[in-house]
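What follows is a short report on a single structure.
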Amino acid sequence: MKKCVSILGATGSIGQSTADVIDAMPERFEVCTVTAHTDARGLADVVMRLKARRAVIADASQEEALAAALKGYDVMIESGAEALEYAVQSDTDLTVAAISGIAGLRPLMHAIKNSKAVAIANKEPLVAAGDLVKSLALRHDTQILPIDSEHNAVFQVFNPVQRCGIRRIILTASGGPFRTWNEKQIAKATPAQAVEHPNWDMGAKISVDSASMMNKALEVIEAHVLFDMPPAQIDVLIHPQSVVHSMVEYVDGSVLAQMGASDMRTPIAYALGWPERIETPGQRLDLTALSRLEFEEPDLTRFPALRLAYECLGKGPMACLTLNAANEVAVAAFLQEKIAFPEILSTIEFALRQEPDINLDTIDSVEQADEAVRSVALTYIEEHCAGAMKKLKA
Ligand code: NAD
Ligand code: MG
């Protein structure tokens, strides 16, 4: 029996890597639904490559272009926000959640109801609404499989039967493109420099998050949500080679690590094949080519984002939601050259001082809180950030 896979965010970096793994194993997989935001051409290419049954484009103005590109193909086409939310139908065995940002929350929640398993790359819904996602998965008996490389690594070496014997989770971080830069250089970083990651080829938003170390901050919260570990038992180490993707340390002194090439097709294949192991077209690790593996403590002065993750976990779910929403707004503003790099963090710190007072028990309330934080962050950017950017551009 073939596994039927749906891909939310099929045109992105994770979406394309998922397509590579599926394409290499047509005897194992077929494809139900694929979705994209605005890229009709890219979505049509995935449909043709994977012979998908359904294509959903969130931007309704692109439906005509999608239909034209897929003329003559046996595929159902839909568009708009509602079609995106309900994109995953019950013919799906496994959904790959690879939309970028909180925009992936509603489609993910619906996918949890309609698939047997959800393989989650899209970390933002876990950070902003972890409890909702987990409780829905529990209610529908849907398996959550992490794709984010660190969490996938932990999932592979975290033995739930020995949970009491786990001392800590150690998430590794490459350190990003500014790992060796001083504070002055970081203050002047441009979007082009921030998206230039030394080890991984990823979408723009997560690349900027890696440069600020906000990606690791989000991942500390993601690890807390996925593995139910207290923040004090989640540590981060800088590991510039990106070979050890993360580790679990047990009380007897054993440290179990998952290693591999810096290629997302490995964690994606792990999730697609689970509980079996499958081949991938991805790169393989050449152990003889490794001269050394380095690990060091993160520098919280140059990269204060990580400190915020622990503060937010201490405060609770609304602080985590606020961190995520303000970061999304600030990263978008940075990519549009509206704010300077350090202002990403000052925007988030400002928003964290004005957390909304809303009970986060439904998707509507999560979205309401997300909107409120976005509006605070946008106001801060308009009122406080124009000067620094002008100075940088001068
Ligand atoms: P990307 O920008 O390359 O792709 C994002 C995908 O989501 C695209 O298909 C796009 O069309 C869709 N999308 C974006 N905004 C949308 C919206 N508002 N409505 C509907 N669809 C929308 O991003 P990516 O690098 O593939 O990352 C996807 C997710 O996976 C992110 O949450 C990221 O943090 C996570 N992740 C990525 C990597 C990686 O190597 N790229 C690694 C770990 C985790
Ligand atoms: Mg990661």
Yes or no: region 76-89 includes at least one residue that is touching a residue at least 40 places away in the same chain (Cβ under 8 Å), over 21 Å from the mean Cα position of the chain (by Cα) and outside the structural domain of HIS224 (by TED's automatic domain parsing).
yes
Whichever residue in region 27-39 is farther than 9 Å from LEU50 by Cβ and open to solvent by 10 Å² or more (accessible area, probe 1.4 Å) and, among such residues, is nearest to the chain's Cα centre (by Cα)
HIS37
From ARG277, ARG265, ARG284, residue being within 24 Å of LEU94 (Cα to Cα), without any contact (Cβ under 8 Å) to a residue 40 or more places away in the chain and not aliphatic (A, V, I, L, M)
ARG277
Cross-chain or 6+ apart pairs with Cβ under 9 Å, region 365-387 first and closer than 11 Å to VAL329 by Cβ, then open to solvent by 50 Å² or more (accessible area, probe 1.4 Å) and of a type in the set (S, T, N, Q):
VAL373/GLN354; VAL376/GLN354
Check off (1) in a helix (DSSP H, G or I); (2) among the polar types (S, T, N, Q); (3) buried (at least 17 other Cβ atoms within 10 Å of the Cβ) for THR288 and give me the number that stays unchecked.
(3)
Given the criteria outside any loop (DSSP other than H, G, I, E, B), at pLDDT 95 or above, out of contact with any strand residue (DSSP E or B) (no Cβ under 6 Å at 6 or more places or on another chain) and within 23 Å of ILE14 (Cα to Cα), does ASN152 qualify?
no
Within region 155-167, how many residues turn out to be in a helix (DSSP H, G or I) and open to solvent by less than 70 Å² (accessible area, probe 1.4 Å)?
4
Could we say that GLU328 is in contact with a helix residue (DSSP H, G or I) (Cβ under 8 Å, 6 or more places away or on another chain), of a type in the set (D, E, K, R), at pLDDT 95 or above and open to solvent by 10 Å² or more (accessible area, probe 1.4 Å) here?
yes
Right, SER17: open to solvent by 10 Å² or more (accessible area, probe 1.4 Å), touching a helix residue (DSSP H, G or I) at 6+ places or on another chain (Cβ under 6 Å) and closer than 16 Å to ARG265 by Cα or not?
yes
Subset of region 137-148, residues open to solvent by 10 Å² or more (accessible area, probe 1.4 Å) and in a helix (DSSP H, G or I), comes to LEU138, ARG139
Would a scan of region 176-195 turn up a residue that is modelled with pLDDT under 95 and within 13 Å of ligand 2 (Cβ to nearest atom)?
yes
Say whether the condition of being farther than 13 Å from ALA55 by Cβ and at pLDDT below 95 is met by at least one residue in region 1-23.
yes
Search region 210-221 for residues that are within 14 Å of PRO240 (Cα to Cα) and pair each with any residue that is among the charged types (D, E, K, R) and part of a helix (DSSP H, G or I) when their beta-carbon atoms are under 9 Å apart and the residues are at least 6 apart or on different chains.
SER210/LYS216; LYS216/GLU150; LYS216/ASP209
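The values are calculated or read from the model by the stated rules, or taken from the named source; none is laboratory data. What you are looking at is a predicted structure, and each value in this text was computed from that prediction instead of being measured. Neighbour counts run over all protein chains shown; Cβ positions are idealised from the backbone, glycine included. In case anyone asks, the SASA skips ligands and DNA or RNA and just uses the protein heavy atoms, side chains included. Shrake-Rupley method; radii C 1.70, N 1.55, O 1.52, S 1.80 Å.
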